[in-house]
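Read-outs throughout are calculated quantities, based only on the coordinates presented, and are distinct from any laboratory measurement. Because the structure is predicted, anything quoted here is derived from the model rather than measured. Here Cβ is always computed from backbone atoms with ideal geometry, including for glycine, and neighbour counts include all displayed protein chains.
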Ligand code: SAH
């Protein structure tokens, strides 16, 4: 058995115990090799439920957070997903493993390049670009779901505008220290229904409609 198979299964059970119920999300986390998204020195910690450094002052999100955000996207087969904040590429890989068409934007060129190479090597086929994700990615809009993986000061209007009617946006909003998770559903052309969940900590979303 591969040395990470057992800890990966244990992580899935830990996430289930912490309240994640989506079998599609849990199954995807059960297949994506999180150790590959970390420096080899950190690989042995890949299946701890914790955020870890990935360079450029950024972090790979805690697995619970990835699972929570992905579950809140309420994805259906065939849904198109936009991610803001590719970082290591791990969240992106989870979305690809669930069978979705994925677009993802990262503002740091070295992270973008590294994620591009790694995701290709692992056989995932998202479309990535380097740029300011607070403005979304209009060329491929609308999306059924958008997930932002860095903490925002406000919900960028540009992201809501790139959702389908019925589309979901999951985004941490708050100050630079802590954020609450906001889930918005675009219910009409210029109207969104919003729910808020507590207690998350992300690196800052930096950009035109960010910090
Ligand atoms: N989803 C990532 C989490 C990375 S941390 C993972 O699974 O590893 C959040 C990332 O958002 C960082 O890499 C940071 O550089 C990026 N980011 C911050 N502001 C951004 C912006 N305006 N546009 C795109 N990426 C941004």
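The table below lists the values:
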| item | result |
| --- | --- |
| 20 Å tail of the calculated P(r), the stretch 97-211, as % of Cα pairs | 44 |
| Between the stretch 122-174 and the stretch 177-199, the alpha-carbon center distance in angstrom | 13 |
| Within the stretch 1-151, percent of DSSP bridges classed antiparallel, to nearest 5 | 20 |
| Gaussian network model of the chain, springs between alpha carbon atoms under 10 Å - residue of 40, 88, 104 with greatest fluctuation | 40 |
| Quarter of the Cα convex hull surface for the chain, i.e. its orientation-mean projected area (nm²) | 10.7 |
| Alpha-carbon radius of gyration plus Dmax, which is the widest Cα pair, for the stretch 96-163 in Å | 12.4, 35 |
| Mean Cβ neighbour count within 10 Å, used as a protection proxy, ranking 41-50, 77-86, 166-175 highest first | 77-86, 166-175, 41-50 |
| Gaussian network model of the chain, Cα within-10 Å springs - most flexible of 142, 110, 126 | 110 |
| Contact order normalised by residue count of the chain, Cα under 8 Å, 6+ apart, percent | 15 |
| Rg(Cα) / (2.2 N^0.38 Å) computed for the stretch 133-201, rounded to two decimals | 1.05 |
| Measure of compaction for the stretch 1-104 (Cα Rg per 2.2 N^0.38 Å) | 1.01 |
| Residue order, fewest to most surrounding Cβ atoms within 10 angstrom, among 12, 148, 206 | 206, 12, 148 |
| Helix-only [θ]222 nm of the chain, DSSP H runs n ≥ 4, -39500 (n - 2.57) each, per residue, nearest 500 | -7500 deg cm²/dmol |
| Least to most buried among 109, 144 (fewest other Cβ within 10 Å first) | 109, 144 |
| Residue order, fewest to most surrounding Cβ atoms within 10 angstrom, among 140, 90 | 140, 90 |
